[in-house]
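I have placed the structure first, in the form of structure tokens, so that the comments after it can refer back to it.
The values are calculated or read from the model by the stated rules, or taken from the named source; none is laboratory data. Just so we're clear, the structure is a prediction, and the values are computed from it rather than from any experiment. Cβ placement follows ideal geometry from the backbone for every residue including glycine, while neighbour counts extend to all protein chains displayed.
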Amino acid sequence: MLDLADVRKTYARPEGAIVALGGISISAEPGEFIAVRGPSGCGKTTLLLAAGGLLAPDAGRVIVDGEEIYALSPEDRARIRATRIGFVFQQFHLIPYLGALENVLVPSLGVPRRDAMTRARELIDRFGLAPRAHHVPAELSTGERQRTALARALFNRPKLLLADEPTGNLDEANAEVVLRALAEFAGEGGTVLLVTHGGNAASYATRVISMKEGLLCSGD
């Protein structure tokens, strides 16, 4: 489902080049939940952005569902992101003037579907957000915002979920809700790549990999 082969990324800085990814190779099959752990600044977010077609690497290949995404046109790459990849971020990235239900519906703007409202309400109910469906993000708790973001990521039934520190701002109870949902997604045949500096994901993941200074270390 996801194959990263010798992926490299360097950022130019006045004080000298920073190697964010020094040659990363990861293969993830359907049904796998991979957690990549490492300290802040080790390249985890760069890895996730490259895997999701949001940041072109300097070298290496990124293959999603059999397609080398950086060999595609920007339009085709956007299509893959919209239909096959779901993103969950620590900062949620919800639209501030839309209610929870409307935020979940946002992916339908790019990929119209007849059952959009039914699907959105199904996800709102699944994550216990029905009483808050019409509340804007500022009126939601931190946990409710992340659950809304997760529902939005699942809306188009993606094959791959990419999660960047999705529990970093959450209390233990809400973190468990998110991690359990990711594990269920993998259990149903999806693929999850989660990056985190914490260790809570390890008990839910099928594989844990450590990362340091742009390189992968042995799994835990």
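A few comments on the model shown:
- Only residues that are basic (Lys, Arg) and in contact (Cβ under 8 Å) with a residue 60 or more places away in the chain were counted across region 76-97, and they come to 1.
- Any hit, region 161-179, residues being surrounded by 15 or more Cβ atoms within 10 Å (Cβ to Cβ) and either in contact with a Lys or Arg (Cβ under 6 Å, 6 or more places away or on another chain) or at pLDDT 95 or above (or both): yes
- The helices (runs of 4 or more DSSP H) falling completely within region 1-113 that include 2 or more residues that are basic (Lys, Arg) and under 18 Å from the mean Cα position of the chain (by Cα) map to 74-84.
- Residue check for LYS9: in contact (Cβ under 8 Å) with a residue 12 or more places away in the chain and closer than 15 Å to VAL195 by Cα: no
- Put simply, of ALA12, ALA5 the only residue that is over 18 Å from VAL208 (Cβ atoms), touching a strand residue (DSSP E or B) at 6+ places or on another chain (Cβ under 7 Å) and not hydroxyl-bearing (Ser, Thr, Tyr) is ALA5.
- The test for being under 17 Å from THR191 (Cβ atoms) and either surrounded by fewer than 17 Cβ atoms within 10 Å (Cβ to Cβ) or not polar (S, T, N, Q) (or both) holds for THR83.
- Unmet requirement for ALA202, which otherwise passes all of (1) crowded, with 21+ Cβ neighbours inside 10 Å; (2) in contact (Cβ under 8 Å) with a residue 60 or more places away in the chain; (3) under 21 Å from PRO30 (Cα atoms): (1)
- Residue count, region 139-150 (criterion: under 15 Å from GLY99 (Cβ atoms), surrounded by fewer than 19 Cβ atoms within 10 Å (Cβ to Cβ) and at pLDDT below 95): 1
- Pairing residues of region 180-196 that are closer than 15 Å to ARG84 by Cβ with residues that are assigned to a helix (DSSP H, G or I), at Cβ distances under 8 Å and at least 6 apart in sequence or on separate chains, gives PHE185/LEU154; VAL192/LEU182; VAL192/ALA183; VAL192/PHE185; VAL192/ALA186; LEU193/LEU48; LEU193/ALA51.
- Check on ASN169, farther than 27 Å from LEU54 by Cα and over 15 Å from the mean Cα position of the chain (by Cα): no
- All of ALA50, ALA35, ALA100, ALA120 fail the test of being within 15 Å of LEU193 (Cα to Cα), free of Cβ contacts under 8 Å to residues at least 60 places away in the same chain and either of a type in the set (D, E, K, R) or crowded, with 22+ Cβ neighbours inside 10 Å (or both), apart from ALA50.
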